[in-house]
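Here is the structure we will look at.
The values are calculated or read from the model by the stated rules, or taken from the named source; none is laboratory data. In this text, all values refer to a predicted model and were calculated from it rather than measured experimentally. A quick note on method: Cβ atoms are made from the backbone with ideal geometry, for glycine too, and the neighbour counts reach across all protein chains shown. Ligands, DNA and RNA are excluded from the accessible area calculation, which covers all protein heavy atoms including side chains. Shrake-Rupley method; radii C 1.70, N 1.55, O 1.52, S 1.80 Å.
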Amino acid sequence: MSNTRRDSLIAEMGLGPVWKLRDRAAEALASASVEHAATGAATGASTQRALNPAQPVRRAPPSMPAPMQPTVHVDDGREGTILGLEWPALQESVAACTACALCRTRRHTVFGVGDPAAQWMIIGEAPGADEDASGEPFVGQAGRLLDNMLASLDMTRDKNVFITNVLKCRPPGDRNPESIEVARCSPYLVRQVELVQPKLILAMGRFAVQALLNTDASIASLRGKLHRYRDVPVIVTYHPAYLLRNLTDKLKAWEDLVFARQTMQELTGEGVASGA
Ligand code: URA
């Protein structure tokens with residue numbers, strides 16, 4: 001990639017002139033190994049562990065790993081029904097969901113946005129105040145950063161990407177999702193992945209990573225590797241909200257995007273710009 005192109009991508013992500021990209025992205029790509037997360041090669045029973053039970057943690061200060069809470073699997077009889085729904089019925093089911101207490105405080109459910117046949121799927125944590133008000137994921141400050149990140153891949157949120165969250169309703173006060181909430185909501189995400197059939201999932205932040213890969217390993221230790229949720233390749237990166245507080249990790253996120261773009265090109269055998 002030319003320096004000019006690189007500089008413009010960095011500017012798109014709001015990294016600013018402070019950042020000088022050395023060859024770390026190339027190094028990350030070169031050293032990135034294709035590996036299945038130990039528990040993330042989720043098939044059969046392990047898939048059930050990965051997404052159906054919560055991968056619950058408390059939202060932790062940026063530098064402190066959030067501890068895992070006990071795994072919860074709620075068999076409330078909804079799962080089989082949800083896993084049989086087609087897209088419009090799934091949307092209706094989310095909109096009408098009363099499976100956990102979040103339904104009492106939400107203004108809108110946030111199903112997701114984008115192309116339901118997209119090659120890319122981006123999975124975040126949970127709606128915040130702006131998303132709760134609008135019904136669309138990632139529309140606040142973190143969302144603007146996500147849009148810039150997508151732009152650095154020549155992508156927009158309405159083209160070849162589907163964006164959603166682990167939770168479809170806002171936790172009051174933007175507290176961390178609770179394990180029971182993740183457990184109740186997880187069949188929706190399972191079904192969304194089944195229906196979208198993305199070529200690549202970008203898991204943003206600990207909650208998405210834990211829900212998909214069933215691991216409490218740090219984002220730092222999972223970056224730069226290709227993981228799998230069922231048969232879908234998963235790339236792990238920092239959550240945009242975290243990046244807003246931790247500017248020094250923005251460059252790492254950009255490296256993750258470069259890795260994701262290269263992976264997508266390898267998966268599809270085509271350039272992202274034409275496929276996006
Ligand atoms: N953070 C998320 O994880 N998702 C959103 O939709 C907004 C902020």
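Observations on the structure shown:
- Residue that is under 20 Å from Val234 (Cα atoms) and within 9 Å of the ligand (Cβ to nearest atom), where the choices are Thr164, Thr156: Thr164
- Considering residues of the stretch 101-118 that are assigned to a loop (DSSP other than H, G, I, E, B) and open to solvent by 30 Å² or more (accessible area, probe 1.4 Å) only, the residue nearest to Arg170 (Cα to Cα): Arg106
- Every pair of residues 6+ apart whose Cβ atoms lie under 8 Å, when the first sits in the stretch 250-265 and is of a type in the set (Lys, Arg) while the second is part of a helix (DSSP H, G or I) and open to solvent by less than 20 Å² (accessible area, probe 1.4 Å): Lys250/Leu243; Arg261/Val272
- The set of residues from the stretch 200-219 being at pLDDT 95 or above and not in a helix (DSSP H, G or I) comprises Leu200, Ile201, Leu202, Ala203, Met204, Gly205, Ala217, Ser218.
- Within the stretch 142-199, being in contact with a Lys or Arg (Cβ under 7 Å, 6 or more places away or on another chain), open to solvent by 10 Å² or more (accessible area, probe 1.4 Å) and assigned to a helix (DSSP H, G or I) holds for Asp147, Cys185.
- Residue check, His239 buried (at least 20 other Cβ atoms within 10 Å of the Cβ) and under 18 Å from Gln119 (Cα atoms): no
- A count restricted to the stretch 243-256 and to residues that are within 11 Å of Asn148 (Cβ to Cβ) and at pLDDT 95 or above stands at 2.
- Of the residues making up the stretch 190-210, those that are over 8 Å from the mean Cα position of the chain (by Cα) and away from the ligand (no atom under 12 Å from the Cβ) are Val190, Arg191, Gln192, Val193, Glu194, Leu195, Val196, Gln197, Pro198, Lys199, Leu200, Gln210.
- Asp130 vs. criteria touching a helix residue (DSSP H, G or I) at 6+ places or on another chain (Cβ under 9 Å), within 11 Å of the ligand (Cβ to nearest atom), open to solvent by 20 Å² or more (accessible area, probe 1.4 Å) and of a type outside the set (A, V, I, L, M): yes
- With respect to the conditions (1) open to solvent by 10 Å² or more (accessible area, probe 1.4 Å); (2) more than 9 Å from the ligand (Cβ to nearest atom), Met121 falls short on a single one, namely (1).
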